[in-house]
Amino acid sequence: NMKLINANENLRHIARQDELTGLLNRRAFMEFADTEPIAEGSHMLVMVDIDHFKRINDTMGHAAGDVALQHIAHILTQEAPSGTLVARLGGEEFALLVPATSDWTAQDWEKVAAEIDVIRARLAMLPVITPAGVARITASFGLAIARKQDSLDCLLSRADKALYAAKNAGRNRLIRAAS
């Protein structure tokens, strides 16, 4: 009976955690984020996508790509504002859900956005040491702050559009969704 309980707990853990990075996976992120009341100014959602990730895998091998993913996961986890939910949504895409800690003002969100941009710059500055050699990686960031009528899906969509705007504007940058 105890073996069955442990096996079920292990399966729950596997179903919710990304094995490579140790972060929550898309399923766990969506489940948690869906329980959070999304109201105007309550959360900031940041979508992060590694720039030219396929090039890393193609030129340095998948082991190097795995190390790059672990590197980014570590930096996002260590540098994200306190209370941030960090997840790997799949492939080379990550999400950060930053909750407001009180009645935040626009200035508070500006400070958080500046912190996120520091993370972006830090990723670009810190080389990744892989089995195939040293690589420099960058990432594009799309940021959206919850609006009055936003659902989680709407917030995700807005952050994702900002992410693609960052990619289209030259990569290695942070773009904010329109308010």
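General observations
Matching residues to (1) among the hydroxyl-bearing types (Ser, Thr, Tyr); (2) closer than 19 Å to Phe53 by Cβ; (3) at pLDDT 95 or above:
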| site | (1), (2), (3) |
| --- | --- |
| Gly142 | no, yes, yes |
| Gln149 | no, no, no |
| Tyr164 | yes, yes, yes |
| Arg171 | no, yes, yes |
| Leu174 | no, yes, yes |
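- Taking every residue in region 114-133 that is among the hydrophobic types (A, V, I, L, M, F, W, C) and pairing it with any residue that is loosely packed, with under 14 Cβ neighbours inside 10 Å and part of a helix (DSSP H, G or I), at least 6 positions away or on another chain, the pairs with Cβ-Cβ distances below 9 Å are Ala132/Thr59; Ala132/Ala63.
- Hits in region 60-72 (condition: in contact (Cβ under 8 Å) with a residue 24 or more places away in the chain and more than 24 Å from Asp160 (Cβ to Cβ)): Met60, Gly61, Ala63, Ala64, Asp66, Val67
- Taken over region 88-128, the criterion of being over 14 Å from Ile50 (Cα atoms) and either of a type in the set (Asp, Glu) or in contact with a Phe, Trp or Tyr (Cβ under 7 Å, 6 or more places away or on another chain) (or both) is satisfied by Asp103, Asp108, Glu110, Glu115, Ile116, Asp117.
- Residues in region 126-156 that are open to solvent by 20 Å² or more (accessible area, probe 1.4 Å), within 14 Å of the chain's Cα centre (by Cα) and not hydrophobic (A, V, I, L, M, F, W, C): Thr138 alone.
- In region 148-179, the residues that are within 22 Å of Phe32 (Cα to Cα), of a type in the set (A, V, I, L, M) and out of contact with any strand residue (DSSP E or B) (no Cβ under 7 Å at 6 or more places or on another chain): Leu152
- Matching residues in region 75-125 - criterion: being in contact with a strand residue (DSSP E or B) (Cβ under 7 Å, 6 or more places away or on another chain), modelled with pLDDT under 95 and of a type in the set (D, E, K, R): none
Residue-wise test of (1) in a loop (DSSP other than H, G, I, E, B); (2) basic (Lys, Arg); (3) open to solvent by less than 80 Å² (accessible area, probe 1.4 Å).
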| site | (1), (2), (3) |
| --- | --- |
| Lys3 | no, yes, no |
| Thr21 | yes, no, yes |
| Phe29 | no, no, yes |
| Ile38 | yes, no, yes |
| Asp58 | no, no, no |
| His74 | no, no, no |
| Phe94 | no, no, yes |
| Val98 | no, no, yes |
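- Screening the candidates Val86, Val118 for the property of being over 19 Å from Tyr164 (Cα atoms) and in a strand (DSSP E or B) yields one hit, Val86.
- Looking across region 128-179, the residues that are part of a strand (DSSP E or B) and either closer than 20 Å to Thr84 by Cβ or of a type outside the set (A, V, I, L, M, F, W, C) (or both) come down to Thr130, Gly133, Ala139, Ser140, Phe141, Gly142, Leu143, Ala144, Ile145, Leu174, Ile175, Arg176.
The values are calculated or read from the model by the stated rules, or taken from the named source; none is laboratory data. Note that the structure is predicted; figures quoted are calculated from it, not measured. Cβ atoms come from the backbone with ideal geometry, glycine included; neighbour counts cover every protein chain shown. What goes into the accessible areas is simple: the full protein's heavy atoms, side chains included, and nothing from ligands, DNA or RNA. Shrake-Rupley method; radii C 1.70, N 1.55, O 1.52, S 1.80 Å.
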